[in-house]
Amino acid sequence: MQRSMLEIKNLKKYFPVKGSGFLRPRALVKAVDGVSFTLDKGETLGLVGESGCGKSTVGRLILGLIRPTEGEIYFQGRNIPGMDREEIRRMRRDIQLVFQDPYGSLDPRMKAGDIVGEALEIHRIAKGKDKEKRVEELLELVGLKPQYKARYPHQLSGGQRQRIAIARALAVGPRLIVCDEPVSSLDVSVQAQVIDLMQELQQRLGQAYLFISHDLGVIRHISDRVAVMYLGRIVELARRDQVFDRPAHPYTRAMLAAVPVLSPHLKKERVPLEGEVPNAINPPGGCRFHTRCVHALPVCSEVEPALSDLGGGHLCACHLF
């Protein structure tokens, strides 16, 4: 049986709280606490959840920017946490990142062409005239004319800056791109253009996306499968149509019910979402969502539910099933 391109197994990342650990119990923020999933070549997995649920930390762990507290991250059969610095540097040719803020992620002192071409030199792919030609090809690939290579980031619009960021990520021919809220800072009309561009590039080049977002509309548009995170754990994982048309977990249903409906004639099930997200330093026992769930049973506060298959690969961590 062929292995998935990316396999995440029981991934955990705990951060120490500043000021704890000296003459007092060491406090830890359990940002990611037992996450497992796979990602295949050419697939888009949407990772969605409220702010602070740990989804961006998952992306940073996959990129090797931080090391996990526990768990395994296999990329093409190799465990990323077991790599040394040189191996991680080489691996980053295959795994690239598109940031949330295109302005903040681009060096304001560098021209667009130099930003895109920098990776070509770092990874010894091209230099000189070959690099210049490749930069122009990449700009055209993301819908920008070659003359844009002479512009600085402040001379570009938000959508153009994000296209430069995408071109930079594509420069080294990655197999996986981690997209961390890549359109959240853009206007709605520009968001649609960038998402359409990313889908077109994926069809042409075949790279996989881990697409991290809190926006359910964006996730629905671009994802093949969707993983819903809550307080460091995945509570539902399924194909896009299963999650959006037949959501199982009460948290998923509550998030979908909160999305505004434009037509006054359409009725939606209202699933109340009460209270605040619990503290990740001391999360509730059992199911972490039980403190906000209107369907909570006594067992929910005592036993942590495992991700179980409801049929057709639809996974849900809930005692109601």
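The values are calculated or read from the model by the stated rules, or taken from the named source; none is laboratory data. Worth saying up front: this structure is predicted, and the values here are computed from it rather than measured. As a convention, Cβ positions derive from the backbone with ideal geometry for all residues, glycine included, and neighbour counts pool all protein chains shown.
For the reader, a short list of remarks on this structure follows.
- Extreme residue, nearest to the chain's Cα centre (by Cα), among residues of segment 213-230 that are in a loop (DSSP other than H, G, I, E, B) and at pLDDT 95 or above: Ser223
- The one condition in (1) on the phi > 0 side of the Ramachandran plot; (2) buried (at least 18 other Cβ atoms within 10 Å of the Cβ) that Leu186 fails to fulfil: (1)
- If you go through segment 195-209 and keep only what is more than 16 Å from the chain's Cα centre (by Cα) and farther than 18 Å from Thr38 by Cβ, you end up with Asp196, Leu197, Glu200, Leu201, Gln203, Arg204, Leu205.
- Filter result (hydrophobic (A, V, I, L, M, F, W, C) and more than 18 Å from Lys149 (Cβ to Cβ)) within segment 96-131: Leu97, Val98, Phe99
- Criterion: crowded, with 21+ Cβ neighbours inside 10 Å and farther than 19 Å from Phe99 by Cβ - qualifying residue of Gly173, Gly232, Gly206: Gly232
Yes/no matrix, rows are residues, columns are (1) out of contact with any Lys or Arg (no Cβ under 6 Å at 6 or more places or on another chain); (2) closer than 23 Å to Gly82 by Cβ; (3) modelled with pLDDT under 90:
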site: Met5; (1), (2), (3): no, yes, no
site: Phe15; (1), (2), (3): yes, yes, no
site: Glu50; (1), (2), (3): yes, no, yes
site: Thr57; (1), (2), (3): no, yes, no
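- Boolean, Val277 is at pLDDT 95 or above and either outside any loop (DSSP other than H, G, I, E, B) or surrounded by 12 or more Cβ atoms within 10 Å (Cβ to Cβ) (or both): no
- Checking each residue in segment 125-160 for being closer than 21 Å to Arg93 by Cα, in a loop (DSSP other than H, G, I, E, B) and more than 28 Å from the chain's Cα centre (by Cα) picks out Ala126, Lys127.
- Every pair of residues 6+ apart whose Cβ atoms lie under 6 Å, when the first sits in segment 297-309 and is free of Cβ contacts under 8 Å to residues at least 12 places away in the same chain and closer than 16 Å to His249 by Cβ while the second is surrounded by 12 or more Cβ atoms within 10 Å (Cβ to Cβ) and not charged (D, E, K, R): Asp309/Leu315
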